[in-house]
Structure formats: structure tokens, C-alpha cells
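Here the structure comes first, spelled out in C-alpha cells, and everything after it is commentary.
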Amino acid sequence: MIALRRRTRSAVRAYCELDKWAFDPRYTQGRCPICGWRPEGAPAMPVWMLLAQRIDWELFGLLLLADLLLFLGLVVARGTGLIR
């Protein structure tokens with residue numbers, strides 16, 4: 001647990017005076033989620049989060065489900081002796 005705490009960065013908080021809203025700019029693409037204000041020197045999102053946002057997870061899940069159903073169909077066909 002101690003090693004995990006050392007690897008994680010401390011939370012960076014920014015405060016938008018216009019909206020009176022505190023937020024972590026790493027998870028809002030460096031901007032205020034309400035008005036879009038960008039604080040100076042705000043850290044950007046981690047690379048893994050940028051890549052995760054680019055993937056269409058619903059399509060990925062649908063393809064994974066289709067592969068699983070095909071695999072189960074082959075297992076059942078082999079178990080009944082339809083294929084060898």
C-alpha cells in the first residue's frame with residue numbers, strides 16, 4: 001500500500017471564480033467542466049485516459065460478445081458431434 005501511495009500523484013485542484021467550482025483539471029481535459037476556463041499550468045489528462053476516450057467501448061463489447069457466442073456455439077457443436 002505504501003508503494004501505491006508513492007506512485008500516485010497528489011490531487012491537483014483548481015478553482016473557477018466565475019462558477020465557484022473546484023475541480024481536478026486532469027480529469028476534465030484541463031478545463032473547467034462548466035464554463036471551459038483553462039487554468040494556467042494545469043496538468044493535462046494522463047495518456048491512458050486520452051486513449052480510453054478514443055475507443056468506442058460499446059462496439060468493442062458487442063464484438064467481444066459475438067466472439068464469445070461463436071466460441072460457445074463451436075463448443076456445443078463439438079460436444080454434440082456435429083464437427084470434429
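The values are calculated or read from the model by the stated rules, or taken from the named source; none is laboratory data. Just so we're clear, the structure is a prediction, and the values are computed from it rather than from any experiment. All Cβ positions, glycine included, derive from the backbone under ideal geometry; neighbour counts span all protein chains shown.
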Among the residues of the range 24-34, count how many are loosely packed, with under 15 Cβ neighbours inside 10 Å, hydrophobic (A, V, I, L, M, F, W, C) and within 21 Å of Ala52 (Cα to Cα).
0
If I filter the range 57-76 for residues that are touching a helix residue (DSSP H, G or I) at 6+ places or on another chain (Cβ under 9 Å) and either of a type in the set (Ser, Thr, Tyr) or within 30 Å of Pro25 (Cβ to Cβ) (or both), do I get at least one hit?
no
What residue, among those in the range 1-23 that are exposed (fewer than 13 other Cβ atoms within 10 Å of the Cβ) and under 18 Å from Met49 (Cβ atoms), is modelled with the highest pLDDT?
Arg13
The range 22-37 residues that are on the phi > 0 side of the Ramachandran plot, paired with ones that are of a type outside the set (Ser, Thr, Tyr) (beta carbon under 6 Å, 6 or more apart):
Gln29/Met45; Gly30/Arg38; Gly30/Ala42; Gly30/Ala44
Please identify the pairs in which a residue from the range 45-64 that is within 27 Å of Ala11 (Cα to Cα) has its Cβ atom under 7 Å from the Cβ atom of a residue that is in a helix (DSSP H, G or I) and basic (Lys, Arg), counting only partners at least 6 apart or on another chain.
Met45/Arg26; Pro46/Arg26
Please verify whether Gly61 is of a type outside the set (A, V, I, L, M, F, W, C), outside any loop (DSSP other than H, G, I, E, B) and loosely packed, with under 11 Cβ neighbours inside 10 Å, treating the condition exactly as stated.
yes
